[in-house]
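Colleague: Just passing along the structure, written as structure tokens.
The values are calculated or read from the model by the stated rules, or taken from the named source; none is laboratory data. The structure presented is a predicted model; accordingly, all values stated were derived computationally and were not measured. Glycine gets a Cβ as well: all are built from the backbone with ideal geometry, and neighbour counts include every protein chain shown.
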Amino acid sequence: MGSSVSVVKCKNYDEEKVLSALRQAIDLIGGIQAFVNKDSRVLLKPNLLYGKPPEKVVTTHPSVVRGMIQIVREAGGVPFIGDSPSVGGLLRTAEKAGLKVVADEMECPLMEFNRPVLPPKREGKIFKQLEIDQAVLDADVIINLPKWKTHAQMLLTLGVKNLFGCVPGPRKPLWHLKAGEDRKAFAQILLDLYRVIQPTLTILDGVVGMEGNGPGTGDPIPLGLILASQDALSIDLVVCDLLGIPRKSIPTNQVALEAGMGWEPVEVVGESVEASKIFSFKLPPPFAVTWNLPGFMTKALKNALTSRPWIDGQLCEDCERCTEICPAKALKKTREGLAFDYDECIRCFCCQEVCSSGAISIKPGWALRLKSKFQNPNVK
């Protein structure tokens, strides 16, 4: 039998309701005492992509973090909050996201990940030089607190993907560059990182999720769910079931299943999958399509066969965060504004991820649009 995943309904972010739902979700899989011992140093790892207010659903909601601080302390643990935002420092990001006030009121330390080290045990299957922050290694317990969001490259950012934040900021673009245009290679990096970190507990904030142009400027969608499990991968698999999409739709799930992980049955406790299904959820555009074409033709048709980032000059605030983070240096400043060199672009969508104004969106190539139209004639 695989890991258990609890599914609990929670309609809104009222602090008492969230605390109750968190307790229920954790109790259904053994209770907090099964994960946290007295005096354990507990890392709470939320999604803190960049500083946006909670209603923008870019980050893990403050009420979820507040509730987990309380629950960890009730078990005798010593919690601290840690992450490495893509834009801005941790304190500034946490302040804008409503987490600093929680940390201050609860007297819970905020720790920015800025001390990259190689872990003593190289658990990764392929990528063995993944540096993570020293604070992750120092923690006795790691509680992973992802946000349910869409992601242009990985389709969804959930439990496994959230751990990429344990890689200190400047290292992230380097790993994107190493993976290049191979989405599966980047998924393998994420899976290897998951094997290295092995979080003790994962709790997914799905009270209000993000659909569409995620992970930074998508649209809020009420989902009313909190999920918990010892195994982040099991949560990611169950989310696919809830959305009614194949489990392999998420690249990290795909590489895990191909490696023999995630095949054991997942026991869903609490609300059933059937009773909790999400029937209307806007996923990002399809990433790529292959028709078994020769390599030279695939290269020539690159823009037609893949999605690519696109800038709306009317929305662009000219902050140039996208140019700074672009690992391939495929964004150039011109007299007319920013422009992509699509021959150099590796389709990592880091630019879209850090664009806080929503100026960068993902546009599928004409071959992708054609394929989608044949698969679903009602899709425009």
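Colleague: May I ask you to say which residue of V65, V58, V102 is in the same structural domain as L201 (by TED's automatic domain parsing), among the β-branched types (V, I, T) and surrounded by fewer than 24 Cβ atoms within 10 Å (Cβ to Cβ)?
Modeller: Numbers: V65 fails: surrounded by fewer than 24 Cβ atoms within 10 Å (Cβ to Cβ); V58 fails: surrounded by fewer than 24 Cβ atoms within 10 Å (Cβ to Cβ).
Only one candidate passes the filter, namely V102.
Colleague: Can you confirm whether E181 is in contact (Cβ under 8 Å) with a residue 40 or more places away in the chain and out of contact with any Asp or Glu (no Cβ under 9 Å at 6 or more places or on another chain)? Full working, then the answer.
Modeller: Numbers: in contact (Cβ under 8 Å) with a residue 40 or more places away in the chain: yes; out of contact with any Asp or Glu (no Cβ under 9 Å at 6 or more places or on another chain): yes.
The answer is yes for E181.
Colleague: Take region 184-216 and flag every residue that is free of Cβ contacts under 8 Å to residues at least 60 places away in the same chain and over 13 Å from the mean Cα position of the chain (by Cα).
Modeller: As a first pass, look at region 184-216 and keep what is free of Cβ contacts under 8 Å to residues at least 60 places away in the same chain: 185, 194, 202, 204, 206.
Within region 184-216, just A185 meets the criteria.
Colleague: Right, something else. Kindly establish whether E95 is modelled with pLDDT of 95 or more, over 21 Å from the mean Cα position of the chain (by Cα) and surrounded by fewer than 21 Cβ atoms within 10 Å (Cβ to Cβ).
Modeller: Details: modelled with pLDDT of 95 or more: yes; over 21 Å from the mean Cα position of the chain (by Cα): no; surrounded by fewer than 21 Cβ atoms within 10 Å (Cβ to Cβ): yes.
Criteria not met by E95.
Colleague: Here is a further query. Go through K178, K125 for me and flag whichever is outside the structural domain of I360 (by TED's automatic domain parsing), at pLDDT below 95, in contact with a helix residue (DSSP H, G or I) (Cβ under 8 Å, 6 or more places away or on another chain) and in a helix (DSSP H, G or I). Steps first, please.
Modeller: Details: K125 fails: in a helix (DSSP H, G or I).
K178 is the lone residue from the list that is outside the structural domain of I360 (by TED's automatic domain parsing), at pLDDT below 95, in contact with a helix residue (DSSP H, G or I) (Cβ under 8 Å, 6 or more places away or on another chain) and in a helix (DSSP H, G or I).
Colleague: Sticking with this one: From the list I197, I189, I250, which one is of a type outside the set (S, T, Y), closer than 24 Å to M68 by Cβ and buried (at least 20 other Cβ atoms within 10 Å of the Cβ)? Spell out how you get there, then give the answer.
Modeller: Numbers: I189 fails: closer than 24 Å to M68 by Cβ; I250 fails: closer than 24 Å to M68 by Cβ.
The match here is I197.
Colleague: Among the residues of region 213-245, write down those that are of a type in the set (G, A, S) and crowded, with 19+ Cβ neighbours inside 10 Å.
Modeller: Step one: list which residues in region 213-245 are of a type in the set (G, A, S), which gives 214, 216, 218, 224, 228-229, 232, 234, 244.
Selection gives G214, G216, G218, A228, S229, A232, S234.
Colleague: Under 8 Å by Cβ, and 6 or more places apart or on different chains, what pairs join a residue from region 217-238 that is in a loop (DSSP other than H, G, I, E, B) with one that is surrounded by fewer than 24 Cβ atoms within 10 Å (Cβ to Cβ) and acidic (D, E)?
Modeller: G218/E211
Colleague: Tell me, yes or no, whether region 363-371 has at least one residue that is of a type in the set (K, R), within 30 Å of L190 (Cα to Cα) and modelled with pLDDT under 80.
Modeller: yes
Colleague: Select from region 320-355 the residues that are more than 19 Å from H176 (Cβ to Cβ) and in contact with a helix residue (DSSP H, G or I) (Cβ under 9 Å, 6 or more places away or on another chain) and list them in ascending order.
Modeller: We begin by selecting, within region 320-355, every residue more than 19 Å from H176 (Cβ to Cβ); these are 333-337, 339.
Within region 320-355, K333 is the sole residue that qualifies.
Colleague: Out of region 157-175, which residues are in contact with a helix residue (DSSP H, G or I) (Cβ under 8 Å, 6 or more places away or on another chain) and either among the basic types (K, R) or in a helix (DSSP H, G or I) (or both)? Before you say what the answer is, go through the steps one by one.
Modeller: As a first pass, look at region 157-175 and keep what is in contact with a helix residue (DSSP H, G or I) (Cβ under 8 Å, 6 or more places away or on another chain): 158-164, 166-167, 172-173, 175.
G159, V160, K161, N162, L163, F164, C166, K172, P173, W175 - these are the residues of region 157-175 that are in contact with a helix residue (DSSP H, G or I) (Cβ under 8 Å, 6 or more places away or on another chain) and either among the basic types (K, R) or in a helix (DSSP H, G or I) (or both).
Colleague: Same structure again: Is there a residue in region 98-121 that is under 21 Å from S20 (Cα atoms), touching a strand residue (DSSP E or B) at 6+ places or on another chain (Cβ under 6 Å) and part of a helix (DSSP H, G or I)?
Modeller: The answer is yes, given that some residue of region 98-121 is under 21 Å from S20 (Cα atoms), touching a strand residue (DSSP E or B) at 6+ places or on another chain (Cβ under 6 Å) and part of a helix (DSSP H, G or I).
Colleague: For region 286-327, enumerate the residues that are modelled with pLDDT of 80 or more, among the basic types (K, R) and assigned to a helix (DSSP H, G or I).
Modeller: R321
Colleague: Before we move on, is L91 over 23 Å from R23 (Cα atoms) and either of a type in the set (D, E) or free of Cβ contacts under 8 Å to residues at least 60 places away in the same chain (or both)? Outline the logic, then answer.
Modeller: On the way: over 23 Å from R23 (Cα atoms): yes; either of a type in the set (D, E) or free of Cβ contacts under 8 Å to residues at least 60 places away in the same chain (or both): yes.
Yes: the conditions hold for L91.
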